[in-house]
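A short worksheet on the structure shown next.
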Amino acid sequence: MFGLFKKKSEIEKLQEKYKKLMEEAFKLQSINRSDSDQKYLEADQLLKKIEVLQAK
């Protein structure tokens, strides 16, 4: 209940964005392979940012 108004940390925001990108890439996989690859690349770059922030 007390976490209801808690603001999300930078890592949590990036993790949500990563999850959305992975879902979009998966959906595009059967439609347009090049767009799917681009989404996977963006997600990979975002994952690297998350890992850097977690290492601090």
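Every read-out reported here was derived from the displayed coordinates using simple, explicitly stated rules and does not represent laboratory data. This one's a predicted model, so the numbers in the text were calculated from it and none came from an experiment. Positions of Cβ are generated from backbone atoms using ideal geometry, with glycine treated the same way; all protein chains shown enter the neighbour counts.
Using Cβ point charges alone (K and R +1, D and E -1), the dipole size of the chain about the Cα centre works out to roughly 280 debye.
Projecting the Cα positions of ILE11, VAL52, GLN38 onto the charge dipole of the range 7-55 (unit charges on Cβ atoms of Lys, Arg, Asp and Glu, taken about the Cα centre) puts ILE11 furthest along the positive direction. Taking 1 over the mean of 1/r across every pair of different Cα atoms in the range 7-55, what Kirkwood radius in Å do you get? Taking the inverse mean of 1/r over all distinct Cα pairs, the range 7-55 comes out at 11.1 Å.
Charge tally for SER9 (other residues, Cβ to Cβ under 14 Å; Lys, Arg +1; Asp, Glu -1): +4.
Pairs exceeding 25 Å between alpha-carbon atoms, taken from LYS7/LYS39; LYS19/LYS49; LYS7/LYS48; LYS27/LYS48; LYS19/LYS48: LYS7/LYS39.
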